[in-house]
Amino acid sequence: MGTRRRFRRMKRNIPLHVMMIPGIIIVLIYCYIPMIGNVIAFQDFTPLMGFAKAEWVGLDNFQYMMELPSFYQVVWNTVFISIMKIVSGLVAPITVALMLNEVRKSFIKRYVQTVIYMPHFFSWVILGGIVVDILSPSEGLINQIIKAVGFQPISFLSDNTWFPYVMVITNEWKEVGFSTIIYLAALTSIDPTQYEAAVIDGAGRWKQTWHVTLPGIRPTIILLACLSLGNVLNGGFDQVFNMYSPVVYESGDILDTLVYRIGLVDNNYSVATAVGLVKSVVSLVLIGAGYGLAYRFAKYRIF
Amino acid sequence: MLSKKYRFFLIVNAFLLLLLTVACLFPILNVLAISFSSKAAVSAGQVSIWPVDFTLKSYDYVFNNVSFLTSFIVSIKRVILGVGINMVLSVLVAYPLSKEAQDFGSRTWYAWFFVFTMLFGAGLIPGFLVVKETGIMDSIWALVLPGAIPVFNVLLIMNYMRTLPKALEESSFMDGAGHFRTLWTVYLPLTLPSLATVALFSLVAHWNAWFDGMIYMNRPEHYPLSTYLQSLLQFDSMNQTNMSLEQAKMMQFVSNRTARAAQIFVSALPILLIYPFFQRYFVKGLVVGSVKG
């Protein structure tokens, strides 16, 4: 290619660079500077002194973190809740999508979709408020039903055995419908002639589902399973924060809520940053691995 | 002709799905019914999904609350400003990124620059400190600027733009237009379905966001509605000390629980109102946007 032409194209591309300037400035200030700001995890940082004058303390904050009596419990809670969410977040939407796919009356299908997509768009403040109300041991609807059938009321949100499962179930309530969208899209792209061929081979509905439908959406399932790997340390801050209380810290306290309390309630910025940094670094590795697997098995690229 | 067995399966399947929708709606309808019922009926445990002793007193109570109305206005300001900024910046970033790497050599670098922020979270505390240092604490900018570039939305718009034929751009250049003009007159009109989806996502996100309001706003009168609601639900929603005389009078009809329920619904109402229009767009916008160009 001639230098002249290259130069002309470079000149024409100047506006493309200009367009990105505002976006780049914002991302630099509010994403990249905070990333560098993680250095306070290695300092004894106080807001009055600032970064520059703070004393460097090496790995002291990380050591302090490891010695927190609740640290391992919190890591376990986070992983336990998130893995249950990941597994149910794959199984439930696939099941519902397969069921929706079998519905023949389109108005039923549309009605079901309209209803189950909806909770996705409410915040955990709203949904949490609803859950707290219906699960209330004294007045909540669920416990009224439990009492009516003759059992003792259960305080779901202040009981350490129940709390993680309530997180998983209410999370499914919010997300199951919305997560079916991608599977339904994958289902429509299955070639109908495959079903015809299966029928000729004498396959019934179950066999068609097993041998045509499921293999048809397998790439999508694998892709989403790989990408969900990055969420292993995400217990769901908004959800937990709006439903937990000190009595369920033992089973419900997760890394993000711990960071919040150490940092913004107790104002121990450096330790909170250290915990957050560990989470971010491990998550980066997991997300990287997830994208790597997704590329390998499903030829997925981010952009 | 459908076989008997298959017809039976269809009925069971439809029945199970309808059951799912009932389970999904039941908690929402229960709290809605509580908000329209009287204090006495609610505390007697008579309310399931239909209001008992219908009354609007709880809503009256909510709308008589000055802080509720102030935070409603903060939320509206935030949504207008936030969605506007999100859209302008996302389009300006998505358009250059939608070019092929052979035409726009720096594309890959720029794309990684933005995508990396999705892979590595800077963390709560450093982000908080930067907002503090940039002097936007306690102002509406603290709710709008840190998330001004939603990278996921940028990728949706970018992927949608990549599905458009390249000939469009070439013919626009032939007519002597530059990139800004091409974006404005050729790409924007064609990208509208995707922009509608993204704008609605951004609207819902801004309306629902509560945590930033909680940590960046020092004074409760600067809280957006979600943050205000969150603080109410977290603590006691009926703080006797800052109650107006009118509200105190209403206490004989309204309980903590019915007032909470009404507040939940007023906050959810805007989402419920736009949802029917929204639903038409988001499925299409999402699916097309996720297809790789």
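The values are calculated or read from the model by the stated rules, or taken from the named source; none is laboratory data. What you see is a predicted model; the values in this text were computed from it and never measured. Glycine gets a Cβ as well: all are built from the backbone with ideal geometry, and neighbour counts include every protein chain shown. Side chains are part of the model used for accessible areas, which takes the heavy atoms of the whole protein and leaves out ligands, DNA and RNA. Shrake-Rupley method; radii C 1.70, N 1.55, O 1.52, S 1.80 Å.
Which FRET efficiency value, to the nearest 0.05, do you get for A:Tyr195 and A:Met49 by plugging their Cβ-Cβ distance into 1/(1 + (r/R0)^6) with R0 = 45 Å?
E(calc), rounded to 0.05, equals 0.05.
In debye, nearest 20: dipole of the stretch A:1-160 around its Cα centre with unit charges on the Cβ of K, R (+) and D, E (-)? Walk me through the intermediate numbers first.
Working: 14 positive and 8 negative charges, 409 e Å.
For this selection, approximately 1960 debye.
Note down the nm distance, to one decimal, between modelled labels 7 Å out along Cα→Cβ at A:Ile169 and at B:Leu18.
In this crude label model, A:Ile169 to B:Leu18 measures out at 2.4 nm.
Can you return the lysines within cross-link range of B:Lys132? Criterion is Cα-Cα under 20 Å, with same-chain partners fewer than 8 residues away left out.
A:Lys53
So how do B:121-130, A:218-227 stack up, highest first, on mean other-Cβ count within 10 Å?
Top of the packing list down: B:121-130, A:218-227.
Give me the dipole magnitude in Debye, nearest 20, for the stretch A:243-303 about the Cα centre, with unit charges on the beta carbon: positive for Lys and Arg, negative for Asp and Glu.
520 debye
Subtract the Cα-Cα distance of A:Ser106 and A:Arg261 from 0.36 nm times their separation in residues, and report this length gain in nm to one decimal.
Length gained between A:Ser106 and A:Arg261: 50.9 nm.
Can you give me the orientation-averaged projected area of the convex hull built on the Cα atoms of the stretch A:210-301, in nm²?
On the way: hull surface 33.0 nm².
Result: 8.3 nm².
How would you classify the stretch B:12-55 from its alpha-carbon gyration tensor, with a ≥ b ≥ c the square roots of the eigenvalues: rounded for a/c under 1.5, else prolate if a/b is greater than b/c, otherwise oblate?
It comes out prolate by the Cα gyration axes.
What percent do you get for the relative contact order of the stretch A:208-297 when only Cα pairs under 8 Å and 6+ apart count?
Result for the stretch A:208-297 is 40 percent.
Explain nothing, just compute: Karplus ³J(HN,Hα) = 6.51 cos²θ - 1.76 cosθ + 1.60, θ = phi - 60°, for every residue of the stretch B:194-200 in order, whole Hz, x for Gly and Pro.
For the stretch B:194-200, the Karplus-derived couplings read 5, 5, 4, 4, 5, 4, 5 Hz, x marking Gly and Pro.
Provide the FRET efficiency to the nearest 0.05 for the A:Arg9-B:Phe63 pair, computing r from the beta carbons and using R0 = 45 Å. Provide the component values of the computation, followed by the final result.
Working: r = 60 Å, r/R0 = 1.34.
E between A:Arg9 and B:Phe63, to the nearest 0.05, is 0.15.
Where Rh denotes the Kirkwood radius from the mean inverse Cα pair distance, what is Rg over Rh for the protein assembly as shown?
With Rh from the inverse mean 1/r over Cα pairs, Rg/Rh is 0.98.
Amide H neighbours of A:Gly235 under 5 Å, counting only residues 5+ apart in sequence or on other chains, H built in-plane at 1.01 Å?
Long-range HN contacts for A:Gly235: A:Leu255, A:Asp256.
How far is helix B:225-234 tilted off the main Cα axis of chain B, in degrees rounded to 10, range 0 to 90?
Once rounded, one gets 40 degrees.
Per DSSP H run of n ≥ 4, the term is -39500 (n - 2.57); total these for chain B, divide by its residue number, and report the mean residue ellipticity at 222 nm rounded to 500 deg cm²/dmol.
Numbers: 15 runs with 206 residues, N = 293.
Theoretical 222 nm ellipticity from helices: -22500 deg cm²/dmol.
In peptide B:106-117, how many Cβ atoms from other protein chains are near each Cβ within 10 Å, on average? Write down the numbers at each step before the final one.
On the way: counts 4, 3, 1, 0, 6, 2, 2, 7, 6, 3, 5, 6.
Other-chain Cβ atoms within 10 Å of each residue's Cβ, averaged: 4.
Going by a ≥ b ≥ c, the root eigenvalues of the Cα gyration tensor, does chain B fall in the rounded group (a/c under 1.5), the prolate group (a/b larger than b/c) or the oblate group?
Oblate, since a/c reaches 1.5 and b/c is not below a/b.
In peptide A:33-45, how many Cβ atoms from other protein chains are near each Cβ within 10 Å, on average?
Across A:33-45, the average partner-chain Cβ count within 10 Å equals 4.
Return a whole-number percent for the relative contact order of chain A, with Cα pairs under 8 Å and 6 or more residues apart as the contact set.
26 percent
Would you give the gap between the C-alpha center of the stretch A:1-76 and the C-alpha center of the stretch A:242-289, rounded to a whole Å?
Measuring centre to centre over Cα atoms gives 19 Å.
Rounded to whole Hz and in sequence order, give me ³J(HN,Hα) for the stretch A:108-116 from the Karplus expression 6.51 cos²θ - 1.76 cosθ + 1.60, θ = phi - 60°, writing x for Gly and Pro.
In residue order, the calculated couplings are 5, 4, 5, 4, 4, 4, 4, 6, 7 Hz.
Would you mind getting me the FRET efficiency between A:Lys299 and B:Gln252? Use the beta-carbon distance for r and R0 = 45 Å, nearest 0.05.
Efficiency, from the Cβ-Cβ distance: 0.10.
Placing +1 on the Cβ of each Lys and Arg and -1 on the Cβ of each Asp and Glu in the stretch A:210-303, which of A:Gln239, A:Leu277, A:Ile262 has its Cα farthest towards the positive end of the resulting dipole?
Most positive-ward Cα: A:Leu277.
Which value, in square angstrom to the nearest 100, describes the accessible area buried between chains B and A on both sides, using a 1.4 angstrom probe? Show your work: numbers first, answer last.
Numbers: alone 17750 and 19530 Å², together 28920 Å².
In total, this chain pair buries about 8400 Å².
Please check which bits of the stretch A:10-31 a label hung off B:Arg181 would reach, taking the label as a point 7 Å along Cα-to-C-beta and the cut-off as backbone N under 17 Å.
What the label zone holds, given the 17 Å backbone N cut-off, is A:11-16.
At a probe size of 1.4 Å, how large is the accessible area of B:Glu133, to the nearest 10 Å²?
Approximately 140 Å² of B:Glu133 is accessible to the 1.4 Å probe.
Can you tell me which of B:86-97, A:232-243 comes out highest on packing, and rank the rest after it, using the mean Cβ neighbours within 10 Å? Could the numbers behind the result be given before it?
Numbers: B:86-97: 23.2, A:232-243: 21.0.
Result, highest mean Cβ count within 10 Å first: B:86-97, A:232-243.
Could you look at the protein assembly as shown and say what percent of its accessible area is carbon and sulfur, using a 1.4 Å probe and all protein chains?
Carbon and sulfur atoms account for 67 percent of the accessible area of the protein assembly as shown.
When Rg is the radius of gyration of the Cα atoms in the stretch A:98-194 and Rh is its Kirkwood radius, what does Rg/Rh come to?
Details: Rg = 17.8 Å, Rh = 15.9 Å.
Computed over Cα atoms, the ratio is 1.12.
So what is the relative contact order of chain B, in percent, for Cα pairs below 8 Å that sit 6 or more residues apart?
Numbers: 287 pairs, mean separation 87.3, N = 293.
Relative CO of chain B lands at 30 percent.
Would you calculate the separation in nanometres between label points at B:Trp109 and B:Gln234, each defined as 7 Å from the Cα along the Cα-to-beta-carbon direction?
4.3 nm
Once you order the gyration tensor axes a ≥ b ≥ c over the Cα atoms, which shape class does chain A get: rounded for a/c under 1.5, otherwise prolate or oblate by comparing a/b with b/c?
Oblate, since a/c reaches 1.5 and b/c is not below a/b.
For peptide A:276-287, what's the mean number of Cβ atoms from other chains within 10 Å of each residue's Cβ?
3
Would you work out the charge dipole size for chain A about its Cα centre, treating the Cβ of every Lys and Arg as +1 and the Cβ of every Asp and Glu as -1, and quote it to the nearest 20 debye?
Result for chain A is approximately 2260 debye, rounded to the nearest 20.
Under a 1.4 angstrom probe, counting protein chains only, how are A:Arg205, A:Arg9 ranked by accessible area, largest first? Spell out each step's value before the answer.
On the way: A:Arg205 95, A:Arg9 70 Å².
Reading off the accessible areas and sorting them downward yields A:Arg205, A:Arg9.
What residue among A:Ala186, A:Ser136, A:Gln208 has its Cα farthest toward the positive end of the dipole of the stretch A:136-210, where the charges are +1 on Lys, Arg and -1 on Asp, Glu, each on the Cβ?
A:Ser136
Return the distance in nm (one decimal) between the two label points of a simple spin-label model at A:Ile25 and A:Trp56, each offset 7 Å from Cα along Cα→Cβ.
Those two pseudo-labels are separated by 3.3 nm.
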